[in-house]
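I have placed the structure first, in the form of structure tokens, so that the comments after it can refer back to it.
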Amino acid sequence: MLKEKIEKDFKEALLKRNEREISTLRMLKAAILEQEKEKRYKKSQEKGTEADLEKESALSDEEIIKLILREIKKRKEAILEFEKGKRKDLVEKETQEIEILKRYLPEMLSEEEIKKMAKETIEKVRAKNIKDMGRVMKELMPKIQGKAEPSLVSQIVKSLLQNN
């Protein structure tokens, strides 16, 4: 499981005293724990035994990947702000954290692979123009979740629909 790999890498970083990796993985572990607590609370409303709650609240690898993508997005947004403020030190820190987080993502799809999948989806839902973009994205995103940047997918789908 992905969570176990993160835990193992965290322990290795502690032994190596790699401060950047320790802080990034500590933040990731905290985000995972927070998400699990939230999930456990929602499940507790449905009533169940403590053991059931523990098992059901554990995050799946897909949920952890979504969480990692969210954390990467936050850092990219921070980088933009730090660049505006001419804070190269903080830009570098955020960039390093993104690289550490990317290790836990599945291999990303190429633009060509995304285009191919987008074309197939457009044909499948019989999309004609940009107004059908929502339907295309709704069908396409579950297939490529965690394997491509949503903004890139959106951009590709938009250009394909505009060219129709």
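For residues that are over 15 Å from I114 (Cβ atoms) and of a type in the set (A, V, I, L, M, F, W, C), scanning just the range 124-164, find the one that is surrounded by the most Cβ atoms within 10 Å (Cβ to Cβ).
A127
Is there a residue in the range 108-122 that is of a type outside the set (G, A, S), within 23 Å of M1 (Cα to Cα) and surrounded by 14 or more Cβ atoms within 10 Å (Cβ to Cβ)? Lay out the reasoning, then the answer.
First pass over the range 108-122, keeping only residues of a type outside the set (G, A, S): 108-109, 111-117, 119-122.
Next, from what is left, pick out any that are within 23 Å of M1 (Cα to Cα): 108-109.
Within this subset, residues satisfying the condition of being surrounded by 14 or more Cβ atoms within 10 Å (Cβ to Cβ) are 108-109.
For the range 108-122, residues of a type outside the set (G, A, S), within 23 Å of M1 (Cα to Cα) and surrounded by 14 or more Cβ atoms within 10 Å (Cβ to Cβ): present.
If you go through the range 14-30 one residue at a time, how many are under 11 Å from L101 (Cα atoms) and of a type in the set (S, T, Y)?
Number of matching residues: 1.
Does at least one position in the range 87-103 carry a residue that is in a loop (DSSP other than H, G, I, E, B) and at pLDDT 90 or above?
Taking the range 87-103 and keeping what is in a loop (DSSP other than H, G, I, E, B), we get 87, 103.
Narrowing further to those that are at pLDDT 90 or above: 87, 103.
Yes, the range 87-103 has at least one match.
Taking the condition assigned to a helix (DSSP H, G or I) and under 26 Å from E149 (Cβ atoms), does A13 pass?
Here the answer is no, as A13 does not meet what is asked.
The values are calculated or read from the model by the stated rules, or taken from the named source; none is laboratory data. Since this is a predicted model, take the numbers as computed values, not measurements. FYI the Cβ positions are ideal-geometry reconstructions off the backbone, even for glycines, and counts take in every protein chain you see.
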